[in-house]
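Everything on this sheet refers to the single structure shown next.
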Amino acid sequence: MYFHSVVFKWHHSGHVLIVKTCCLTDRMKVKMMILLFQILSILTLNSCSAQIPPYPYVEENVALRGKASQSDLHLGEWTAYSHASNAIDGNRNSNMSLGSCTHTTNKPNPWWRVDLLQTYLIASVTITNRGDCCGERINKARILIGSSIHAAQCSMIDGLSTGETKTFHCPQPMIGRYVTVILRKKEYLHICEVEVNALLPAPS
């Protein structure tokens, strides 16, 4: 089992500076991140924190590689346009009728989720709101990230206007495979694009 307590800090120049590995019970998670950043130096896994050499990174939308699901599918005139996968098709078009958005029914705690199929270090999530109607519905939704569906909060969606695209940054990069958007109330949830911005090694 993995307890989230890995902290990556980076400089504005794009270099990862410090990784803390306190309270980890799954050393494979740490080893995976070392491979991800191609760190060639020896990192002592038993220590609480370790200094690593600066390493350049790039941000990439890894949601395009994932598999999407949602709490349910809106029935009626929007059914054909409401599938979860529409939110990771690479298309930010915010008009529901053009088939690039997702839509749930009006039930308590509606959610949308992407399984990235592997673990990434995630810095932020970019959301495109529905543009042809009802853009206020998504506000106060929570963005959760974790290595299982039981995840920690990265950010809360707030102040997202109808049709707007906005990036929500985690307080610090989070390790996770699953990214969930959930509304803690009875409401429709519709999203027109979700981009999961992961930190990957810069090309050599």
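The values are calculated or read from the model by the stated rules, or taken from the named source; none is laboratory data. Since this is a predicted model, take the numbers as computed values, not measurements. In this analysis, Cβ positions are derived from the backbone assuming ideal geometry, glycine residues included, and neighbour counts consider all displayed protein chains.
Kindly provide the set of residues from the range 165-181 that are under 26 Å from Asn95 (Cα atoms) and either without any contact (Cβ under 8 Å) to a residue 40 or more places away in the chain or of a type in the set (A, V, I, L, M, F, W, C) (or both), ordered by number. Phe168, Val179, Val181, listed by residue number. Across the range 51-89, the qualifying residues are those that are at pLDDT below 95 and in contact with a Gly (Cβ under 7 Å, 6 or more places away or on another chain), and the one among them that is farthest from Arg130 (Cα to Cα) is Pro56. Can you tell me which residue in the range 157-168 is modelled with the highest pLDDT, limited to those that are within 14 Å of Arg142 (Cβ to Cβ) and of a type outside the set (A, V, I, L, M)? Here the answer is Phe168. Picking from residues in the range 183-204 that are among the hydrophobic types (A, V, I, L, M, F, W, C) and surrounded by fewer than 19 Cβ atoms within 10 Å (Cβ to Cβ), the one that is farthest from Arg65 (Cα to Cα) is Ala202.
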